[in-house]
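Worksheet: the structure to be examined is printed underneath.
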Ligand code: SF4
């Protein structure tokens, strides 16, 4: 396995594309081989990103009462969860949250809304107004995760309002998607990504691990992201929440999580691999290892319905590793939409 891992490292550094079969073989690494895999992923991260770690932050701009039934999510109205629900936050509140994100050294600030997505109408107009205001305030890059986009025209409007990156996770492998959601399809998600790409937005798309999918299905997701040529790849690790259909799903072990990060780094070598939900709760004392496993980006601050840790702790962790975050780094941001 050691020689194979080295061979895959060289291939990734030389710009080659690892195949599904190669990814599946890497996913079988166990014990000391996972350490070798992490070393290789770390070298690939350094090759493409140097010592820089990107940071971003999100706000739950509209919470709960969602019509969709994603089985991992506590914001679905169909699961009977007990979470705070509120309508779309007003512009001033969002501007304040963006300023707070910038103060926490986040370069990008993502608006997230719990709903099916965006059709022409008052929700779209309200969102465009907020995006324009955030882009004009300029505290951070303005990103968003607003669900399914109904038409190409809507994607153009979002871009024109100042939206730079659109987050839309594939969530899991195509072959597993129907197990986690039946109110919309994998194709709906692919179409949204294509609309946003065509409109000129950067694409942030990844998934959630630990929902009962197989290791091979994790690789299947990585191959789909290779095909889509996304820019940022958020990796979430299921934090099973009460009253959701996945509430009894056992958590992934920390070393399994690190292996997933490393395999994604090798399979998507030049992409900005981001750790997101679930890292604190599942990696615990091994959190700083996520960068050694190949992550070049992490989410700071709170998540949508759960709390993250203090951003000072994350900044300190990055500095202690002799890595740099935006405010300690004088280079141009790495994540600019062409
Ligand atoms: S993941 Fe998004 S679309 Fe799915 S239930 Fe949660 S808020 Fe709704």
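Annotations
- Cα convex hull, region 180-284: 111 Å³ per residue, rounded to a whole number.
- Rounded to the nearest 10 degrees, the angle from helix 311-320 to the longest Cα principal axis of the chain is 30 degrees.
- Max mean-square fluctuation residue, GNM over the chain, Cα-Cα springs under 10 Å, options 285, 231, 103: 285
- Region 13-67: mean projected area of Cα convex hull, nm²: 7.4 nm²
- At q = 0.07, 0.10, 0.15 Å⁻¹ the log10 of I(q)/I(0) for the chain amounts to -0.26, -0.54, -1.33, computed by Debye summation with a single uniform scatterer per C-alpha, solvent ignored.
- Inter-label distance for residue 132 and residue 28, nm, one decimal - labels placed 7 Å from Cα along Cα-to-Cβ: 5.7 nm
- Gain upon complete extension [residue 20, residue 214; 0.36 nm per residue less C-alpha separation]: 68.5 nm
- For the chain, the share of DSSP beta bridges that are antiparallel, to the nearest 5, is 5%.
- Ranking of 235, 128, 299 by count of other Cβ atoms within 10 Å, fewest first: 128, 299, 235
- In the chain, the longest principal axis of the Cα atoms and the axis of helix 122-137 are about 70 degrees apart.
- Rounded D (µm²/s) - region 232-323, Kirkwood Rh over Cα pairs, Stokes-Einstein at 10 °C, 1.306 mPa s: 116 µm²/s
- Rounded tilt (10° steps) of 186-198 against the dominant C-alpha axis of the chain: 80 degrees
- Taking N as its residue count, the alpha carbon Rg of region 34-112 over 2.2 N^0.38 Å: 1.58
- The chain, relative contact order [Cα under 8 Å, separation at least 6], %: 23 percent
- When each of 179, 310, 62, 159 is scored by the number of other beta-carbon atoms lying within 10 Å, the sequence from fewest to most is 310, 179, 159, 62.
- Taking 123, 92 and counting other C-beta atoms within 10 Å, the order from fewest to most: 92, 123
- Cα centroid separation, region 214-233 to region 107-130 (Å): 26 Å
- Computed label-point distance, nm, for sites residue 319 and residue 160 using a 7 Å Cα→Cβ extension: 4.5 nm
- Helix-only mean residue ellipticity at 222 nm for the chain, each DSSP H run of n ≥ 4 adding -39500 (n - 2.57), per residue, nearest 500: -13000 deg cm²/dmol
The numbers here are math on the coordinates, done by the rules we state, and not lab data. The shown structure was predicted, so the numbers you read here are calculated from the model rather than taken from an experiment. Positions of Cβ are backbone-derived with ideal geometry, glycine not excepted, and every protein chain shown enters the neighbour counts.
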